[in-house]
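Everything below concerns the one structure shown next.
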Amino acid sequence: MNHREFVAANTALGRSALVPEIALHLASEITPIWQATEDWLAERNLEPPFWAFSWPGSEAVARHVKDHPATVAGKRVLDFAAGGGLAAIAAAQCGAAIVEAAEIDPFAHAMIGLNAAANGVEVLIPTDDVVGTACRWDMIFCGDVCYEAPMTQHILPWLRLMARTAEVWIADPGRAYLPRAGMVAFATFVVPTTLELEDRTERTVTLYRLDASEPAEA
């Protein structure tokens, strides 16, 4: 079974709470991976299936894009740490010229491809780690990427460099490692979630623009 077949077998087509107009392959109570144990994942040499869920940060970005399509029309867009590619699909539907969805997990690559096909849009999927590459985008979306200190320290200097030539959005649902300097809030959403993913039934997600004037090492 290849990655695409595995994803298709372990998810079901559904819709997120905040962006119901976009179809997504998701883990649910009727799919095996929803209740997978660590042993089950280890037997299959799998990382935790973050790609199988619709996360609040991506939902907030996608909702804002759908409500304000002019923000992406004609732009080159990167959905960074894209998960299932929800924000990328929203951008493609709203007239972005080129949309890329970056992930390092091959199962996420398969998920993004399936989700893009389900919505009839084209999303390019880089197979390498884009962190450290030169900027080739006008906009970069980051949905909930500051959940761990090592992750934040790895990506933030690069994102600040990107913000010199691209508009960088960070969607944060209250994670501990969100940097405070150089973050300009511009929208807020209350996103329904589940206790299987979060410790509450909804998250308040703030969308920030990253200010390039802050030092790259901040």
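In table form, for the structure just shown:
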item: Residues of segment 184-206 satisfying the condition of being out of contact with any Gly (no Cβ under 9 Å at 6 or more places or on another chain), among the hydrophobic types (A, V, I, L, M, F, W, C) and at pLDDT 75 or above; result: VAL184, ALA185, PHE186, ALA187, PHE189, VAL190
item: Residue in segment 73-94 that is of a type outside the set (Ser, Thr, Tyr), at pLDDT below 95, buried (at least 19 other Cβ atoms within 10 Å of the Cβ) and more than 16 Å from CYS142 (Cα to Cα) present; result: no
item: Residues (at pLDDT below 95 and surrounded by 15 or more Cβ atoms within 10 Å (Cβ to Cβ)) located in segment 132-149; result: CYS142, GLY143, ASP144, VAL145, CYS146, TYR147
item: Residue check, LEU124 surrounded by 18 or more Cβ atoms within 10 Å (Cβ to Cβ) and either under 21 Å from LEU78 (Cβ atoms) or touching a Gly at 6+ places or on another chain (Cβ under 6 Å) (or both); result: no
item: Unique match (being within 14 Å of the chain's Cα centre (by Cα), at pLDDT below 95 and either part of a helix (DSSP H, G or I) or within 22 Å of GLU21 (Cα to Cα) (or both)) among ALA116, ALA108; result: ALA108
item: Options VAL61, VAL7: the member that is closer than 29 Å to GLU167 by Cβ, touching a helix residue (DSSP H, G or I) at 6+ places or on another chain (Cβ under 6 Å) and of a type in the set (Val, Ile, Thr); result: VAL61
item: Residue satisfying all of: in segment 34-45; surrounded by fewer than 16 Cβ atoms within 10 Å (Cβ to Cβ) and among the aliphatic types (A, V, I, L, M); modelled with the highest pLDDT among these; result: ALA42
item: In segment 189-207, the residues that are in contact (Cβ under 8 Å) with a residue 24 or more places away in the chain and over 20 Å from ILE140 (Cβ atoms); result: VAL191, PRO192, THR193, GLU196, LEU197, GLU198, ARG203, THR204
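The values are calculated or read from the model by the stated rules, or taken from the named source; none is laboratory data. Predicted, not measured: the structure shown is a model, and the values here were computed from it. So basically every Cβ, Gly included, is an ideal-geometry build from the backbone, and we count neighbours across all protein chains shown.
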